[in-house]
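One structure is given here, and the rest of the page talks about it.
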Amino acid sequence: VDKTKVYKGQQVVVNYYLYSRTPNFNATADRYPTLSGFLKEELEIPVLTGRLNAQNVVLDGTAYRRVLIASFAAYPLKDGKLTIDPMEVKATYISERAGSVDAFDMDDEDLFQRFFQAGSPRTENLRSEPISVEVLPLPAVPKDLGYTGAVGDFEVIAAVDRTDLRAHEALTLSLKVEGSGNISNIETPKIGLPEGFELYESKSQTRGKAGIGEKVFEYLLIPRKPGNYT
């Protein structure tokens, strides 16, 4: 996980990797994590497509080939201790240990067995360890701030479709919130309108991928009196 201490609703990126010391291997999923207590969003599932891109890494002084098996964005729905549950995979590989054994150390029967086992695929059922995540409650937010549920790293951009119009004509105010986090959880912000402005309707649209996205709110506004407004 990218962090083990978060606030309720804050994004946690959960990556499952397979480490191997043999260059020829593959994997299939036996059991996907449920991530109970979290809202789960799939980011990338290479084990499902079979496209496992390996990279060379060193762990505790030992060289491995590492592949990403699955990646999720998890949003804790409650505070307290939550558990990232394991993922189970079946790994198939070609063992190279047999070919490295000195033939003079084995009798004829062992040598015969090792010869045929050297190029035979083997399978292992593997299971990751669970990870504990501490979820903190959200800080108290003053009601006058108009908090709408965003927990993450966001930017806000506002624009109108025009700045000159007649009284009783409509204009559209667009408010775009973009960044990383559970962006679909953000409720429609209440905006402070000048006196003489009427909010006719509002709507929203969410777009995103891989834990990053945007939510656009559109407000249809009607000025009932002429004048200059902010």
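The values are calculated or read from the model by the stated rules, or taken from the named source; none is laboratory data. Fair warning: this is a prediction, and the values are worked out from it, not measured in the lab. Cβ sites come from the backbone with ideal geometry, for glycine too, and all protein chains shown count toward neighbours. Quick note on the areas: whole protein, heavy atoms, side chains included, nothing else; ligands and nucleic acids left out. Shrake-Rupley method; radii C 1.70, N 1.55, O 1.52, S 1.80 Å.
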Would you compute, from DSSP H runs of 4+ residues alone, the mean residue ellipticity of the chain at 222 nm, taking -39500 (n - 2.57) per run and dividing by the full residue count, rounded to the nearest 500? -2000 deg cm²/dmol
Can you list which of the trypsin sites (Lys or Arg not before Pro) found in segment 183-222 are DSSP loop residues with at most 16 other C-beta atoms within 10 Å? Lys190
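State in Å² the accessible area per residue of the chain; use a 1.4 Å probe, count heavy atoms of protein chains only, and round to the nearest integer.
66
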Go ahead and run the numbers for FRET between Leu136 and Asn53, Cβ-Cβ distance against an R0 of 25 Å, rounding to 0.05. 0.10
Just tell me which lysines come within less than 29 Å, Cα to Cα, of Lys3; anything on the same chain fewer than 8 places away is out. Lys40, Lys78, Lys81, Lys90, Lys176, Lys209, Lys215
In what sequence, largest accessible area first, do Ile69, Ile212, Ile94 appear using a 1.4 Å probe? Ile212, Ile94, Ile69
So how exposed is Asp60, as accessible area in Å² (1.4 Å probe, rounded to 10)? 150
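Multiply the residue separation of Asn228 and Asn125 by 0.36 nm, subtract the distance between their alpha-carbon atoms, and state the gained length in nm to one decimal.
This chain segment gains 30.1 nm when fully extended.
Convex hull over the alpha-carbon atoms of the chain: what's its volume per residue in Å³?
In the chain, the Cα hull volume divided by residue count equals 161 Å³.
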Relative to the Cα centre, what is the charge dipole magnitude of the chain, using +1 at the beta carbon of each Lys and Arg, -1 at the beta carbon of each Asp and Glu, and rounding to the nearest 20 debye? 800
Nearest 10 degrees, 0 to 90: what angle lies between the long axis of helix 108-118 and the longest principal axis of the chain (Cα atoms)? 20
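State the percentage of accessible surface on the chain attributable to carbon and sulfur atoms; use a 1.4 Å probe and exclude ligands, DNA and RNA.
Summing carbon and sulfur atoms, their accessible area is 48 percent of the total for the chain.
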